[in-house]
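The values are calculated or read from the model by the stated rules, or taken from the named source; none is laboratory data. As the structure is a computational prediction, the values presented were derived from the model and not from experiment. Because the Cβ atoms are built from the backbone with ideal geometry, glycine has one as well, and the counts that use them run over all protein chains shown.
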Amino acid sequence: MDINSNNTAVLITDPQNDFLSEQGVTWELVGDSVKENKTIENIERLFKAAKDNGYEVFISPHYYYPTDHGWKFGGTVEKIMHEINMFGREDALSLNGFPGSGADWLERYKPFIEDGKTIVVSPHKVYGPENNDLALQMRKRGIDKVILAGMSANLCVEAHMRELLEQGFEVTVVKDGTAGARHPELGDGYEAALTNFGYMANAVLSTDEVVAAMTSGVSAAA
């Protein structure tokens, strides 16, 4: 996959406190994987490399509003997210109670996300971007290649990868720019995702490799 600032964008899914803060509601499940991969630091490196080298940056956030809790069915993790009020916001049209909440951006990412240039698309509600405006926003900017990182590996990251591939985008997944939950019954989400990244993505690279490609303009390969 040829990485260049003309038609390649950086996409970060769910760079939010509930996943990446030690006070987040999922930290007990994802914290070890986040620390081992240096996910927080690596996402920050991707933000910086993108901004320094003229790459468009997109955020696909995850929000739940009070009306979303009226859903009558859902999968295992969907149910858990609603039960623990993950990514909860008080209202779709208000930021009341948002700053510092689990739905807010990790504080160290705010200078990159809130610079007036980053494209924050409408929220996804389950895992993938099928029901938000991510593909539209990318197409309108001439983007057809995506550097993908964020949280969490086998859920929103993998779901975004799958849908973007179906939509005709080329996708490089940053393998240490994500992490996954470890659950005694459900297993290791990160390890599960790595297998599928390898089978499907156009490239699976480290943060070091991606940053080097973004900085030098040299093509990257799996």
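Tally the residues that are touching a Leu at 6+ places or on another chain (Cβ under 7 Å) and in a helix (DSSP H, G or I), restricting the search to segment 6-38.
Selection size over segment 6-38: 3.
Which pairs turn up if I take residues in segment 181-197 that are more than 17 Å from E36 (Cβ to Cβ) and look for partners that are not hydrophobic (A, V, I, L, M, F, W, C) with beta carbon separation below 8 Å, at least 6 apart in sequence or on another chain?
Correct list of pairs: L186/T76; N196/N154; N196/E158.
If you check R45 against the conditions, is it in a helix (DSSP H, G or I), over 20 Å from Q23 (Cβ atoms) and touching a residue at least 60 places away in the same chain (Cβ under 8 Å)?
yes
Looking only at segment 48-73, which residues are in a loop (DSSP other than H, G, I, E, B) and either in contact with a Cys (Cβ under 7 Å, 6 or more places away or on another chain) or in contact (Cβ under 8 Å) with a residue 40 or more places away in the chain (or both)?
The answer is N53, G54, Y55, P61, Y63.
Restricting attention to segment 151-172, does a residue exist that is under 22 Å from D18 (Cα atoms) and among the aromatic types (F, W, Y)?
Taking every residue of segment 151-172 in turn, none turns out to be under 22 Å from D18 (Cα atoms) and among the aromatic types (F, W, Y).
In segment 113-145, how many are of a type outside the set (A, V, I, L, M), touching an Asp or Glu at 6+ places or on another chain (Cβ under 9 Å), in contact (Cβ under 8 Å) with a residue 60 or more places away in the chain and more than 21 Å from D2 (Cβ to Cβ)?
Of the residues in segment 113-145, 5 are of a type outside the set (A, V, I, L, M), touching an Asp or Glu at 6+ places or on another chain (Cβ under 9 Å), in contact (Cβ under 8 Å) with a residue 60 or more places away in the chain and more than 21 Å from D2 (Cβ to Cβ).
This table checks each residue for (1) in a helix (DSSP H, G or I); (2) aromatic (F, W, Y); (3) touching a helix residue (DSSP H, G or I) at 6+ places or on another chain (Cβ under 8 Å); (4) surrounded by fewer than 16 Cβ atoms within 10 Å (Cβ to Cβ).
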| residue | (1), (2), (3), (4) |
| --- | --- |
| M138 | yes, no, no, no |
| V146 | no, no, yes, no |
| L155 | yes, no, yes, no |
| M161 | yes, no, yes, no |
| L164 | yes, no, yes, no |
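Residue under question is N42, and the condition is that it be in contact with a helix residue (DSSP H, G or I) (Cβ under 6 Å, 6 or more places away or on another chain), surrounded by fewer than 18 Cβ atoms within 10 Å (Cβ to Cβ) and modelled with pLDDT of 90 or more; does it hold?
Judged against the criteria, N42 is not a match.
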